[in-house]
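Working notes, structure below.
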Amino acid sequence: MKTVITFIFIFYLTIGAMAQSTSKEVKVETITNGVELTITIEKSTTETNKVARLYMFKNSRVKKALTFKTKRNKSKMA
């Protein structure tokens with residue numbers, strides 16, 4: 001019985017507190033700015049030739065850099 005009366009008392013206190021707070025809506029002025037899209041596409045008239053190198057040797061620098069192994073790659077046995 002005591003818990004029911006305590007719950008009702010707290011319920012009425014919260015309703016009273018909510019009734020006291022009056023919140024007014026504040027209107028905000030909006031600013032509109034126009035947006036202009038100016039897109040220019042330039043085509044370059046000079047053609048560049050790109051060359052890709054193929055490394056056929058086993059000891060080339062690129063293959064060595066890509067296939068490196070650390071000292072701790074091996075699994076340890078218990």
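The values are calculated or read from the model by the stated rules, or taken from the named source; none is laboratory data. Keep in mind that what you see is a predicted model, and the values were worked out from it rather than measured. All Cβ positions, glycine included, derive from the backbone under ideal geometry; neighbour counts span all protein chains shown.
In table form, for the structure just shown:
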{"item": "Meets criteria (out of contact with any Asp or Glu (no Cβ under 6 Å at 6 or more places or on another chain), at pLDDT 75 or above and surrounded by 10 or more Cβ atoms within 10 Å (Cβ to Cβ)) for Thr6", "result": "yes"}
{"item": "Breaking point among (1) at pLDDT 80 or above; (2) part of a loop (DSSP other than H, G, I, E, B); (3) of a type in the set (Ser, Thr, Tyr), for Thr46", "result": "(1)"}
{"item": "Residue in segment 17-35 that is modelled with pLDDT of 75 or more, exposed (fewer than 10 other Cβ atoms within 10 Å of the Cβ) and not in a loop (DSSP other than H, G, I, E, B) present", "result": "yes"}
